[in-house]
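> Here it is, the structure in full.
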Number of protein chains: 6
Amino acid sequence: MIYITRRERFNAAHRLFREDFPDEKNLEVFGKCSNPNWHGHNYELFVTIKGEINPETGFLLNLKQLSKLIKDRVIEKVDHKNINLEVDFMSGKFASTEMLAIGIWNQLADEISLAGAVLHAVKLHESENNFVEYFGY
Amino acid sequence: MIYITRRERFNAAHRLFREDFPDEKNLEVFGKCSNPNWHGHNYELFVTIKGEINPETGFLLNLKQLSKLIKDRVIEKVDHKNINLEVDFMSGKFASTEMLAIGIWNQLADEISLAGAVLHAVKLHESENNFVEYFGY
Amino acid sequence: MIYITRRERFNAAHRLFREDFPDEKNLEVFGKCSNPNWHGHNYELFVTIKGEINPETGFLLNLKQLSKLIKDRVIEKVDHKNINLEVDFMSGKFASTEMLAIGIWNQLADEISLAGAVLHAVKLHESENNFVEYFGY
Amino acid sequence: MIYITRRERFNAAHRLFREDFPDEKNLEVFGKCSNPNWHGHNYELFVTIKGEINPETGFLLNLKQLSKLIKDRVIEKVDHKNINLEVDFMSGKFASTEMLAIGIWNQLADEISLAGAVLHAVKLHESENNFVEYFGY
Amino acid sequence: MIYITRRERFNAAHRLFREDFPDEKNLEVFGKCSNPNWHGHNYELFVTIKGEINPETGFLLNLKQLSKLIKDRVIEKVDHKNINLEVDFMSGKFASTEMLAIGIWNQLADEISLAGAVLHAVKLHESENNFVEYFGY
Amino acid sequence: MIYITRRERFNAAHRLFREDFPDEKNLEVFGKCSNPNWHGHNYELFVTIKGEINPETGFLLNLKQLSKLIKDRVIEKVDHKNINLEVDFMSGKFASTEMLAIGIWNQLADEISLAGAVLHAVKLHESENNFVEYFGY
């Protein structure tokens with residue numbers, strides 16, 4: 001069993017808030033992250049897959065294939081986008097890093113299985129000081 | 001003459017566009033950076049000052065003082081903000097990294113002179129692959 | 001179950017030695033880390049907590065709350081301090097990175113439980129080449 | 001139980017290919033990594049060991065000892081070398097990062113046991129975007 | 001006058017040696033960098049251009065255009081290549097980082113002028129500990 | 001003319017204070033950096049030299065020679081040391097990063113001239129947020 005991690009990056013705008021709260025209440029609960037005019041991040045995404053090495057190629061999965069899969073299923077949908085308004089797989093969800101990591105997991109898990117590996121972890125950095133990890137359960 | 005650099009960080013949303021262009025034209029000229037729903041970045045700011053070492057303290061300027069000055073004049077105004085809509089010193093200006101670096105220079109140069117040093121450079125990273133430097137002329 | 005990590009930093013002096021050894025013996029066993037005049041590090045601390053996402057806020061624990069907790073219980077006590085002489089929770093203990101990581105765990109575990117999450121890991125970097133991880137058992 | 005990680009680095013040339021494939025087939029399967037004239041990397045190696053803290057010294061294993069062991073058993077053999085042609089423990093094996101990580105594990109596991117700790121993980125970065133982890137099973 | 005820097009990366013094999021030296025002499029002068037079986041690096045390239053901001057677009061040069069120019073003129077030619085054997089603009093030249101930086105300058109200077117900016121600096125990292133800068137004179 | 005930079009690292013303890021001030025006054029002027037029990041840093045040192053490429057070797061100066069020179073003249077004297085108490089070239093001087101950068105310059109400039117290059121810059125990082133540069137005048 002070997003673990004392989006691919007890093008990808010995207011830039012996006014978001015806002016932490018609840019629609020049923022007035023702006024003052026959102027500010028109280030979510031602080032400056034609730035700014036109605038949005039703010040944004042350079043997100044750094046680490047996708048870890050696991051499985052057995054293919055004896056014919058010496059690797060688990062072609063990294064180009066993995067990178068393309070992440071780009072098609074995730075990066076295309078979030079890069080230079082507004083996470084609250086424009087990302088289909090986040091529709092109706094809270095735009096926190098936690099929920100985004102879970103959304104990304106759901107975008108990738110089946111596709112990676114089809115490609116012959118197992119999705120092990122999604123790690124999502126919102127800044128150099130904060131990151132979230134999700135292992136699918 | 002000694003040079004000292006202080007790094008500060010902020011997160012913000014922005015959009016590259018011209019109001020006199022329709023969205024299609026903006027997309028053509030500015031690509032995905034023109035997304036009307038905004039996107040954002042973790043900006044990394046390096047402020048370099050120069051001057052002579054104060055013989056009484058052994059340093060050019062107290063770094064706490066420099067950090068506070070950058071926070072008061074820049075970070076407070078841009079962090080978790082929308083650069084196009086909410087930053088007074090960028091009002092009416094294009095929200096590119098180039099223009100933002102010049103705007104930050106103008107926010108800092110006089111204050112640093114008053115504090116007894118000279119502003120040498122403003123370096124602003126928009127991502128790990130792109131940064132801008134401005135030296136005041 | 002989601003995992004969240006917060007990075008904090010501190011600078012401190014320390015020395016590796018045993019009081020019951022003469023300096024020569026300490027030098028033999030601990031090398032230049034035993035210097036009686038101390039040396040120091042920029043420590044980088046990663047605190048990982050786990051738990052379930054709060055459906056009301058979309059996150060596990062407010063990161064400001066986590067950061068404040070780490071600052072109150074750890075950073076205030078070690079930053080710009082001498083770990084051998086001044087840190088109450090290291091009193092009578094060896095000032096190695098291993099022991100310091102365990103000390104930090106003990107400072108944080110109960111407080112994080114009270115805040116509604118579970119402390120998962122303490123990772124402590126002494127340099128870019130060396131780090132220690134402790135999982136509480 | 002405490003976990004300690006030591007980072008070491010090496011530069012090497014390699015090529016991904018199968019001898020029983022013509023160059024065209026290798027190019028099709030392995031892309032530009034199959035270049036018959038080789039290419040290379042700055043590899044970054046993280047070796048994680050685990051065990052109990054020695055009450056006499058306050059650490060798990062002297063990091064100098066761990067570093068020397070990694071240098072003797074791995075770095076000396078791969079640094080500034082051609083992994084396909086010159087590395088004894090990779091002889092007859094595919095020169096992928098996956099296989100190299102497993103080869104490094106096999107070079108280290110017994111020696112670390114003899115030194116009184118347990119090898120927990122080998123993490124090998126081929127670039128800032130790709131890394132492999134192996135846990136021995 | 002504003003300065004903009006774009007980072008690109010490439011992986012390549014090379015060897016430091018003189019054809020008129022026997023391997024022993026090359027080993028004596030160039031150390032392990034002279035390995036006849038090659039070694040390699042993850043090179044990190046920073047290209048800095050300068051000029052005046054275009055008042056119509058708010059930037060000096062479209063970064064996509066700059067990135068494409070660097071890719072066409074440099075990255076395509078060196079990535080996953082053997083610098084001694086396969087890079088046309090290094091033909092007959094010593095494959096040191098110094099000479100490579102100068103070669104890259106010569107590949108870029110005229111093209112950047114045609115694009116309306118001025119090439120200011122080429123910085124080339126061979127490792128995290130070594131880099132070279134060339135300013136064109 | 002080519003510029004080459006070599007990075008080296010060292011860990012040291014220091015304290016910012018004036019002997020003619022009582023501890024209270026030092027605390028007021030220098031803050032927690034004046035702690036009488038010391039604190040410390042992982043210093044990161046970048047030494048930049050310049051000159052013409054040697055046509056026989058294709059480089060400006062053998063990096064091993066430059067690294068050895070920095071180690072002999074600087075790192076040996078400061079690594080795992082107390083800068084206020086134990087570093088001969090800082091004797092009687094204020095242990096600020098500014099003064100340390102100048103002290104390092106003076107340790108290196110003549111030796112680098114003798115080796116056939118010119119010392120261009122000393123850059124010294126005290127933390128990821130603060131660094132000092134000195135160009136010799």
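> Looking only at residues in region C:24-34 that are at negative phi and within 14 Å of chain F (Cβ to nearest Cβ), which one is surrounded by the fewest Cβ atoms within 10 Å (Cβ to Cβ)?
Here the answer is C:Lys32.
> Turning to a different aspect of this structure: Restricting attention to region D:67-81, which residues are within 18 Å of D:Thr5 (Cβ to Cβ) and in contact with a helix residue (DSSP H, G or I) (Cβ under 8 Å, 6 or more places away or on another chain)?
D:Leu69, D:Ile70, D:Arg73, D:Val74
> Check whether at least one residue in region F:95-102 is within 14 Å of the chain's Cα centre (by Cα) and hydroxyl-bearing (Ser, Thr, Tyr), and report yes or no.
yes
> Would you check which residues across region D:7-22 are buried (at least 20 other Cβ atoms within 10 Å of the Cβ) and either part of a strand (DSSP E or B) or among the basic types (Lys, Arg) (or both) and list them? Quick ask: steps written out before the conclusion?
First pass over region D:7-22, keeping only residues buried (at least 20 other Cβ atoms within 10 Å of the Cβ): D:10-17.
Of everything in region D:7-22, those that are buried (at least 20 other Cβ atoms within 10 Å of the Cβ) and either part of a strand (DSSP E or B) or among the basic types (Lys, Arg) (or both) turn out to be D:Phe10, D:Asn11, D:Ala12, D:Ala13, D:His14, D:Arg15.
> Taking region C:109-123 on its own, how many of its residues are touching a helix residue (DSSP H, G or I) at 6+ places or on another chain (Cβ under 6 Å) and closer than 15 Å to C:Leu61 by Cβ?
Residues that pass the stated criteria total 2.
> Moving on to the next point. Of everything in region C:46-64, what is within 30 Å of F:Trp38 (Cβ to Cβ) and either surrounded by fewer than 21 Cβ atoms within 10 Å (Cβ to Cβ) or over 21 Å from the mean Cα position of the chain (by Cα) (or both)? Give them in sequence order. Working first, answer last.
Looking only at region C:46-64, we keep the residues that are within 30 Å of F:Trp38 (Cβ to Cβ), and these are C:46-47.
The one that is within 30 Å of F:Trp38 (Cβ to Cβ) and either surrounded by fewer than 21 Cβ atoms within 10 Å (Cβ to Cβ) or over 21 Å from the mean Cα position of the chain (by Cα) (or both): C:Phe46.
Listed here are the residues, each with its yes/no results for (1) open to solvent by less than 60 Å² (accessible area, probe 1.4 Å); (2) under 11 Å from D:Leu69 (Cβ atoms).
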site	(1), (2)
D:Asp88	no, no
D:Lys93	no, no
D:Thr97	yes, no
D:Ile104	yes, no
D:Gln107	yes, yes
D:Glu111	no, yes
D:Val118	no, no
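> D:Gly136 passes all but one of (1) surrounded by fewer than 19 Cβ atoms within 10 Å (Cβ to Cβ); (2) on the phi < 0 side of the Ramachandran plot; (3) at pLDDT 95 or above; which number fails?
(2)
> Right, here's the next one. Taking the condition polar (S, T, N, Q) and under 30 Å from E:Ser113 (Cα atoms), does E:Asn54 pass? Reasoning before the result, please.
Numbers: polar (S, T, N, Q): yes; under 30 Å from E:Ser113 (Cα atoms): yes.
Taking the combined requirement at face value, the residue satisfies it.
> Just checking, how many residues over region D:50-76 are touching a residue at least 24 places away in the same chain (Cβ under 8 Å) and over 30 Å from C:Glu19 (Cα atoms)?
Qualifying residue count for the region: 5.
Per-residue answers, yes or no, for (1) within 14 Å of chain A (Cβ to nearest Cβ); (2) over 30 Å from F:Ala101 (Cβ atoms):
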| site | (1), (2) |
| --- | --- |
| B:Asp20 | no, yes |
| B:Pro36 | yes, yes |
| B:Ile49 | no, no |
| B:Asn54 | no, no |
| B:Gly58 | no, no |
| B:Lys68 | no, no |
| B:Gln107 | no, no |
| B:Val118 | no, no |
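> Right, another one. Restricting to region D:70-86, and then to whatever is within 14 Å of chain E (Cβ to nearest Cβ) and open to solvent by 50 Å² or more (accessible area, probe 1.4 Å), can you tell me which residue is farthest from E:Asn82 (Cα to Cα)?
In this case the residue turns out to be D:Lys71.
> Hey, another quick one. Working carefully through the options B:Phe46, B:Phe94, B:Phe89, B:Phe59, find the one that is in contact with a Gly (Cβ under 8 Å, 6 or more places away or on another chain), over 22 Å from E:Asn62 (Cα atoms) and among the aromatic types (Phe, Trp, Tyr).
Details: B:Phe46 fails: in contact with a Gly (Cβ under 8 Å, 6 or more places away or on another chain); B:Phe94 fails: over 22 Å from E:Asn62 (Cα atoms); B:Phe59 fails: in contact with a Gly (Cβ under 8 Å, 6 or more places away or on another chain).
Answer to the selection: B:Phe89.
> On to the next question. Looking at (1) at pLDDT below 95; (2) under 15 Å from A:Ala12 (Cβ atoms), which is the only condition A:His39 fails?
It fails just one condition, (1).
> Find all pairs meeting these conditions: Cβ atoms under 7 angstrom apart; at least six residues apart or on different chains; first residue within region E:82-103 and within 16 Å of E:Asp20 (Cα to Cα); second residue among the charged types (D, E, K, R).
E:Asn84/E:Arg15; E:Ala95/E:Arg15
The values are calculated or read from the model by the stated rules, or taken from the named source; none is laboratory data. All values derive from a computational prediction rather than experimental measurement. As a convention, Cβ positions derive from the backbone with ideal geometry for all residues, glycine included, and neighbour counts pool all protein chains shown. We work out accessible area using only protein heavy atoms, side chains counted, and drop any ligands, DNA or RNA first. Shrake-Rupley method; radii C 1.70, N 1.55, O 1.52, S 1.80 Å.
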